[in-house]
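What follows is a single structure, written as structure tokens, with notes after it.
The numbers here are math on the coordinates, done by the rules we state, and not lab data. This structure is a prediction, so every number in the text was calculated from the model and none was measured. Cβ placement follows ideal geometry from the backbone for every residue including glycine, while neighbour counts extend to all protein chains displayed.
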Amino acid sequence: MIDFITNNLTDIIGYTASVCLILGYMPQAIYTIRTHDTEGIALPTFLMMGLGGIFFAIQGLMLKNWPLFITNVITTISSAIVFGIKMYNDYFKKK
């Protein structure tokens, strides 16, 4: 019985963390995609966040921890999009 409660509580915490991370991350990604405004974004930050997301997604896949995997796939894709827009704005658009 204790294992059942612990497993369910762990799942609830994992899914809640996933929702919080996605909802916390998406406003910046949506704003950047809509406006292409990347002036206040630090390139190394989004690069490291994207790499961290990739590694967490791999870990989630290896552990079969679906909240960890799905959350980090979504945040990695968002990071890659923001990173791409930032690279375009900083290195190609200004030339």
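How big is the charge dipole of the chain about its Cα centre, in debye rounded to the nearest 20, if each Lys and Arg gets +1 on its Cβ and each Asp and Glu gets -1 on its Cβ?
Charge dipole, the chain, about its Cα centre: 440 debye, nearest 20.
Could you tell me how many degrees, from 0 to 90 and to the nearest 10, lie between the Cα long axis of helix 43-63 and the main elongation axis, the longest principal axis, of the Cα atoms of the chain?
30
So what's Rg/Rh here for region 1-82, counting alpha carbon atoms and using the Kirkwood radius for Rh?
Result for region 1-82 is an Rg/Rh of 1.09.
If I model a spin label as a point 7 Å beyond the Cα along the Cα-Cβ vector, how far apart are those points for TYR91 and PHE55 in nm?
2.2
Which loop-located chymotrypsin sites (Phe, Trp or Tyr not before Pro) does region 22-80 contain, where loop means any DSSP state but H, G, I, E or B and the Cβ has at most 14 other Cβ atoms within 10 Å?
none
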